[in-house]
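*Asks:* Dropping the structure in here first, questions after.
What follows draws every value from the coordinates through simple rules; no lab data is involved. Bear in mind the structure is a predicted one, so any value in this text is a computation, not a measurement. Methodologically, a virtual Cβ is constructed for each residue, glycine included, from the backbone with ideal geometry; neighbour enumeration extends over all protein chains shown.
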Amino acid sequence: MKLKVEVIGVNPPCPRCEQTEENAKKAAEKLRKEGFDIEVAKLDISSRDTVSRFGVIMSPAIAVNGVVKMMGKVPDPGVIERMLRKEA
Amino acid sequence: MEARRAVKTALMLGVIVFFVVMMARAIIGSYTLTPQSTAEDLKGLPLWKIPIVYLLDYAGHGWLCLGFAFTIAGVFSEFLPQSFMLRFMSSGKKISYLVATVLAPVFCVCSCTMVPIFTGLLYAGAGIGPALTFLLVAPANNILADIITIQVLGWRIAVADMIAAGIAAVAIGYFVSKTPWGREFESRFTRNPGNPAQATAVELVKQPLDERLWNALKFGGYLAKRILPAFFIGLVAVSYVQAFFPEELVKAYLTGPFGVIVAALLGGPLYTPTLIEVALGKALVNLGMAPGATVAWLMGQPYDIPNSMSTYRIVGWKIVITYGVLSFITAVLSGLIYGIFVGTF
């Protein structure tokens, strides 16, 4: 099962974006051990590409397989993990 | 597991209800939430003791207001459909102005949320006008600043400031969008051609109530952590102003139509984050600043130096100077109108 997780935040990162990325990585790490194939990438929320893909969104946001699932909040690793399991 | 969830939910709801009820009680009982120290109280104290006494005085009265403001800010950010509002804001050009002004107060934003929304609006084709309006209104009129302004300076001045700041931001946004350099800037943010996917690329996951409450409180706490240290340092400065700033100077220069101009000049470049500006405004009011001048003072926010520096990096100096000058003019006008309206300068 392949999942592409994109953490969308400001560049340079603000504390909330950093925390979100860290939490996403923690969740991914845990799921990888169970055999999930997860890639975590960071996107710049203020870039033209990001806006044309997702519209105007709040930072920080998390997209899974190209769809924004959460925005404007810092979800705990457990919450991200549950969301990823659902998507897989 | 379910029981733990229920307890957690109840606890968090309890915190929110506590602040709302206490605040309502304070308002109904007209219990004051602002520091009561006067210049006389502070002057006699040793130098080191002044900020301590002032801060304790503030904390004793203000903790409820601050707690309420941060809690509500968190609740708003979690429970209001902000993504929907953003989409609405980036829709049509004319309506976007209105949407930006009316909705900005509920976006409780730190600068790292503001700037992406600003550039996002530009890329989404909303135009420089509404985007700039949002950038100006949001820091001046967000729910956190509003609650504290109402509590510290009274609702009349707070409402006047909110309305004036909203009108000024629309006027400034509109004006800048008509200048050649505004247009030139706007043209740099063209949309990527052909994007049918936009509407479907956001499908937010629904979270259970306990997690949403937790998000709300977490965000409120984050805002508190970011804002309070600077706020308290600002209050230390305010305590010295309150104690030593000569009343005669305030009475001579911060009253009357001339006072409005002076207040607009000082309120700007003199850097103060919104909350400190409110506290400092209160100190000056205690020393005799007139209502009209107070409104002009509060409206100096968008063109203070650090704010301008951070927008300068995005929009360039031409736009910053344009809106700086316009902000000054609108601050003076609002102060004068308010002064005439309440009948005293």
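*Asks:* Projecting each Cα onto the charge dipole of chain B (Lys/Arg +1, Asp/Glu -1 at the beta carbon, about the Cα centre), which of B:241, B:89, B:124 comes out farthest on the positive side?
*Replies:* B:124
*Asks:* With +1 assigned to the C-beta of every Lys and Arg and -1 to the C-beta of every Asp and Glu, and no other charges, what is the dipole magnitude of region B:2-245 about the Cα centre in debye, to the nearest 20? Show your work: numbers first, answer last.
*Replies:* Numbers: 19 positive and 12 negative charges, 91 e Å.
In debye, rounded to 20, region B:2-245 gives about 440.
*Asks:* How large is the translational diffusion coefficient of the protein assembly as shown in µm² per second when you combine the Kirkwood radius over alpha carbon pairs with Stokes-Einstein at 20 °C and 1.002 mPa s?
*Replies:* Working: Rh = 23.0 Å.
It diffuses with D of about 93 µm²/s by this estimate.
*Asks:* I'm checking a number: the convex hull volume of the Cα atoms of region B:2-245, normalised per residue, in Å³. What is it?
*Replies:* On the way: hull volume 37.8 nm³, N = 244.
Hull volume normalised by residue count: 155 Å³.
*Asks:* Let me check I've understood the local charge: for residue B:78, count other residues with C-beta under 13 angstrom from its C-beta, Lys and Arg +1, Asp and Glu -1. What total comes out? It would help to have the intermediate numbers written out before the result.
*Replies:* Values: positive: A:73, B:206, B:212, B:218; negative: B:210, B:211.
After counting each charged neighbour, the total is +2.
*Asks:* Shape verdict for region A:2-87, please, from the Cα gyration tensor: rounded (a/c under 1.5), prolate (a/b greater than b/c) or oblate. Walk me through the numbers before you get to the answer.
*Replies:* Details: a/c = 1.98, a/b = 1.54, b/c = 1.29.
Prolate, since a/c reaches 1.5 and a/b exceeds b/c.
*Asks:* Just grab the label-to-label distance for residue B:241 and residue B:342, each label 7 Å out from Cα along the Cβ direction, in nm (one decimal).
*Replies:* So the label points at residue B:241 and residue B:342 sit 1.6 nm apart.
*Asks:* Largest first, please: the extent of the C-alpha atoms of region B:2-65 along each principal axis, to the nearest Å.
*Replies:* For region B:2-65, the Cα spread along each principal axis is 58, 28, 8 Å.
*Asks:* Can you check what the net charge comes to around residue B:10, using other residues whose Cβ is under 12 Å from the Cβ of residue B:10 (Lys, Arg +1; Asp, Glu -1)? Walk me through the numbers before you get to the answer.
*Replies:* On the way: positive: B:4, B:5, B:8; negative: B:210.
That sum, taken over residues with Cβ under 12 Å, equals +2.
*Asks:* Oh, and also: If R0 is 22 Å, what FRET efficiency do you get for residue B:317 and residue A:11 from their C-beta distance, rounded to 0.05?
*Replies:* Values: r = 22 Å, r/R0 = 1.02.
Using R0 = 22 Å, I get an efficiency of 0.50.
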